[in-house]
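The values are calculated or read from the model by the stated rules, or taken from the named source; none is laboratory data. Please read all numbers here as calculations on a predicted model, not as lab measurements. A quick note on method: Cβ atoms are made from the backbone with ideal geometry, for glycine too, and the neighbour counts reach across all protein chains shown. Protein only, heavy atoms only, side chains kept; ligands, DNA and RNA dropped before computing areas. Shrake-Rupley method; radii C 1.70, N 1.55, O 1.52, S 1.80 Å.
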Amino acid sequence: MAKYNEAFKLLVVKSYTEGQQGYKRLARHYGLDHATVRRWVKSYELHGLSGLQKKFSRYSAEFKLSVLQRMRQEDLSARQAVTLLDIRGGAGVIREWERQYHEGGFQALEPKARGRPTKMPTAEPSKPPLPVTENSSLKQLLQENEYLRAEVA
């Protein structure tokens, strides 16, 4: 569950857009950080109501690289890129992408496997039984019959 729901975010944004209070005063009034209020307002201005909604997303390595390249080309800060491209998780997410890219290149940007690894090994397919012919099955039955008679005796 999100810490703040959409209705609350919209209330704060509407209070700002009415022009009665600035970021810091609104933040103090609602018990928020002023950067959070600014991020909500900018996101609402660029993306409308969908900018305030909770969004679950996984980003591909290509998308991450394109964000980093765009930041470099347009001289954007991580905060500006988050707002402009509607990336959830804050500027820290982009800074993490930058760190990963500098340490490991494009491969480091690939999404990691999530969840616990499987403990059970995958079962190998069983070998198909040998084809049975009438002669071999008859010989096997006779041998088994002799063995059982010897065992009983």
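One chain, two ends: HIS34 and THR118. Fully extended at 0.36 nm per residue, the span grows by 25.8 nm beyond their Cα-Cα distance. For the chain, the longest principal axis of the alpha carbon atoms and the long axis of helix 91-104 meet at an angle near 50°. Scalar couplings 3J(HN,Hα) for segment 109-123, obtained by applying the Karplus form with A = 6.51, B = -1.76, C = 1.60 to θ = phi - 60°, are 7, 4, x, 8, 5, 10, x, 6, x, 6, 8, 7, x, 5, 6 Hz; x denotes Gly and Pro. For the chain, the solvent-accessible area of protein heavy atoms averages 79 Å² per residue (probe radius 1.4 Å; ligands and nucleic acids excluded).
Assuming a ≥ b ≥ c are the square roots of the Cα gyration tensor eigenvalues, decide whether the chain counts as rounded (a/c under 1.5), prolate (otherwise, with a/b larger than b/c) or oblate. Prolate is the answer for the chain, as a/c is 1.5 or above and a/b outweighs b/c.
Output the 0 to 90 degree angle, nearest 10, between the alpha-carbon long axis of helix 134-152 and the longest principal axis computed from the alpha carbons of the chain. For 134-152 against the chain, the angle is about 70 degrees.
Each label was represented as a point 7 Å from its Cα along the Cα-to-Cβ direction; for ASN145 and GLU18 these points are 10.0 nm apart. Per-residue extension of 0.36 nm, minus the Cα-Cα distance of VAL93 and GLN80, leaves a gain of 3.4 nm for this segment. The phi torsions of segment 78-87, fed into the Karplus equation with coefficients 6.51, -1.76 and 1.60 and a -60° offset, translate into couplings of 5, 5, 5, 5, 4, 5, 5, 9, 6, 9 Hz, rounded to whole numbers, with Gly and Pro shown as x.
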